[in-house]
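Beneath this line is the structure, given in structure tokens, with notes to follow.
The values are calculated or read from the model by the stated rules, or taken from the named source; none is laboratory data. None of the values given here were measured: they were computed from a predicted structure. Neighbour counts are summed over all protein chains in view; Cβ atoms, including those assigned to glycine, are modelled from backbone coordinates with ideal geometry.
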Amino acid sequence: MRKLEMLRKAFHKIITPFILFLARMKITPNMVTTSSLFFLAITVYFIIQKNLFFAAIFMGITSVIDALDGALAKKVGSTRFGDFYDAFIDRWVEVITFFAISYSYPELYALCFLALIFSLMTSYVAARAEVWTIGVKIKYVGSIGSRAGRLITLILAMLFNQLTIGLYLIIIFASITMISRTIVIMKKLKKA
């Protein structure tokens with residue numbers, strides 16, 4: 001957990017100059033979010049071509065853009081629409097990616113379906129927690145099944161041509177994260 005936080009801080013240190021540049025150029029977080037759809041389309045193209053190496057590269061770019069829009073929003077300020085739009089596009093990135101994998105690798109259809117369900121439910125639990133616990137900061141234990149963890153797992157699975165293993169790991173990680181988040185939220189809500 002500590003190493004993950006150290007990596008996150010190092011990554012943000014690396015992208016800070018780029019964030020400052022985007023802010024000076026008056027690029028909005030929503031513009032950055034929208035650009036991720038372009039790279040997602042390229043990712044899907046390579047998945048359909050069964051070229052998982054390049055699919056991983058472009059999924060990585062899509063993931064970096066996801067981090068950039070959040071960091072830019074913190075720098076220039078976010079809007080309620082921007083927060084909604086970012087979450088909306090994030091869910092579509094996952095849905096479209098899993099659909100592309102199941103289309104190109106029909107034998108993985110059931111695993112993609114389960115990975116998508118647990119991925120969406122993990123995000124749903126966090127989103128509902130924000131609504132139910134307004135003003136109460138929730139600290140989650142472990143984040144391997146969070147969106148970032150799922151994307152890293154999927155990118156590594158593509159790079160090493162191990163989609164089956166990657167999908168199993170996403171299902172396991174996301175279900176553990178979903179359950180642990182639910183327990184934390186239930187405890188907070190009982191105290192409220």
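Odds and ends about this structure:
- Candidates are the residues of segment 99-120 that are of a type in the set (Phe, Trp, Tyr) and touching a Ser or Thr at 6+ places or on another chain (Cβ under 8 Å); the one that is farthest from Tyr45 (Cα to Cα) is Phe118.
- Yes/no for Phe39 being within 22 Å of Ile117 (Cα to Cα) and among the aromatic types (Phe, Trp, Tyr): no
- Qualifying residue in segment 177-188 (condition: among the small types (Gly, Ala, Ser), at pLDDT 95 or above and on the phi < 0 side of the Ramachandran plot): no
One line per residue, one yes/no per condition, for (1) part of a helix (DSSP H, G or I); (2) surrounded by fewer than 21 Cβ atoms within 10 Å (Cβ to Cβ); (3) modelled with pLDDT under 85:
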site	(1), (2), (3)
Tyr124	yes, yes, no
Ala127	yes, yes, yes
Val141	no, yes, yes
Ile152	yes, yes, no
Ala157	yes, no, no
Ile170	yes, no, no
Lys190	yes, yes, yes
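- Taking segment 1-102 and the helices (runs of 4 or more DSSP H) fully enclosed by it, the elements with 1 or more residues that are modelled with pLDDT of 90 or more and surrounded by 16 or more Cβ atoms within 10 Å (Cβ to Cβ) are at 29-48, 52-76.
- Within segment 35-69, tally of residues that are free of Cβ contacts under 8 Å to residues at least 40 places away in the same chain, within 20 Å of Ala23 (Cα to Cα) and of a type in the set (Gly, Ala, Ser): 1
- Failed item in (1) hydroxyl-bearing (Ser, Thr, Tyr); (2) modelled with pLDDT under 95; (3) surrounded by fewer than 16 Cβ atoms within 10 Å (Cβ to Cβ), with Tyr109 passing the rest: (2)
- Cross-chain or 6+ apart pairs with Cβ under 6 Å, segment 70-82 first and acidic (Asp, Glu), then at pLDDT 85 or above: none
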